[in-house]
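Comments concern the structure below.
The values are calculated or read from the model by the stated rules, or taken from the named source; none is laboratory data. Since the structure is predicted, the reported quantities are computational estimates derived from the model, not experimental observations. Positions of Cβ are backbone-derived with ideal geometry, glycine not excepted, and every protein chain shown enters the neighbour counts.
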Amino acid sequence: MKFISILFLLIGLNFSVKGQDADLILNRVVSKINSVKDYSVDANIKADIPLIKILPVKASIYFKQKDKFKVVSKGIAILPKQGFTDVNSFLMKKNAYMAVDGGVKTIDNVKTNLITVIPTNENSEFVLAKLWIDTKNDLIIKSQITTRSSGTVSVDYTYGSEAEYGLPNQLVFDIDVKKFKLPKSVAADLNKTEKEKEKRKKSKDQKGTITIKLTNYKINKGISDDFFKEKK
């Protein structure tokens with residue numbers, strides 16, 4: 001009986017230590033995120049979605065702490081916020097989740113720690129987040145975000161000259177087309193006729209890819225709150 005009690009105590013301590021390790025890793029990542037008060041960046045967005053042709057789109061993206069976000073584009077910009085800004089905003093709410101260290105994983109020769117983030121509010125839009133973090137540079141290399149509205153979205157991140165701010169120069173999203181929220185005009189094109197609906201249902205390939213290349217960052221230059229207000 002005494003042995004079993006000690007065993008459970010050791011298991012509890014191990015889980016606690018792993019939780020503390022996960023918190024320390026996330027704190028360093030969040031510290032980088034917090035160093036960016038605002039930014040603007042040029043984006044080239046290429047969407048590869050089954051059964052629909054979407055031309056690459058150029059856009060300008062604007063962000064300001066904590067959650068102001070705006071996309072300016074002449075075309076239809078399919079820009080998943082999961083793994084782009086939503087996950088960053090969520091990580092900044094330290095009381096909104098618990099984190100567990102899932103151990104060391106190697107991704108493309110980069111040593112990472114897998115951190116599983118579990119919301120503490122059962123009504124949270126986020127259901128679960130898995131983050132593969134390069135602990136040497138405090139960067140998210142890969143994420144897998146599950147939300148109530150868009151299912152699971154996987155994101156691969158690459159970094160360039162703005163890595164010191166935790167800002168990527170490319171993101172590649174893998175989405176489940178059946179669950180992912182597409183812009184209304186794109187969704188309408190997918191279901192334009194009954195024939196196309198049936199073709200889509202029968203299609204085995206329900207996965208899509210969205211690649212976003214980011215250039216010409218302007219960081220912490222100051223952006224007015226009024227810029228983000230919708231024009232009436």
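Things to note:
- Matching residues in the range 114-162 - criterion: being closer than 30 Å to Tyr217 by Cα, assigned to a loop (DSSP other than H, G, I, E, B), in contact with a strand residue (DSSP E or B) (Cβ under 8 Å, 6 or more places away or on another chain) and of a type outside the set (S, T, N, Q): Glu125, Lys136, Gly160, Glu162
- Of the numbered criteria (1) surrounded by fewer than 19 Cβ atoms within 10 Å (Cβ to Cβ); (2) touching a strand residue (DSSP E or B) at 6+ places or on another chain (Cβ under 8 Å); (3) closer than 20 Å to Leu214 by Cα; (4) modelled with pLDDT under 95, the one Asp67 fails is (2).
- Qualifying residue in the range 78-95 (condition: in contact (Cβ under 8 Å) with a residue 12 or more places away in the chain and assigned to a strand (DSSP E or B)): no
- From Val153, Val177, Val172, Val127, residue being within 27 Å of Ile107 (Cα to Cα) and modelled with pLDDT under 85: Val177
- Exactly one residue among Asp101, Asp134 is of a type outside the set (Lys, Arg) and surrounded by 21 or more Cβ atoms within 10 Å (Cβ to Cβ), and that residue is Asp101.
- Residue in the range 196-215 that is at pLDDT 55 or above, in a loop (DSSP other than H, G, I, E, B) and of a type in the set (A, V, I, L, M, F, W, C) present: no
- Taken across the range 77-97, residues that are under 19 Å from Gln144 (Cβ atoms), out of contact with any Phe, Trp or Tyr (no Cβ under 6 Å at 6 or more places or on another chain) and modelled with pLDDT of 90 or more do occur, with at least one present.
- Tallying residues that are touching a residue at least 24 places away in the same chain (Cβ under 8 Å) and outside any strand (DSSP E or B) within the range 35-77 yields 10.
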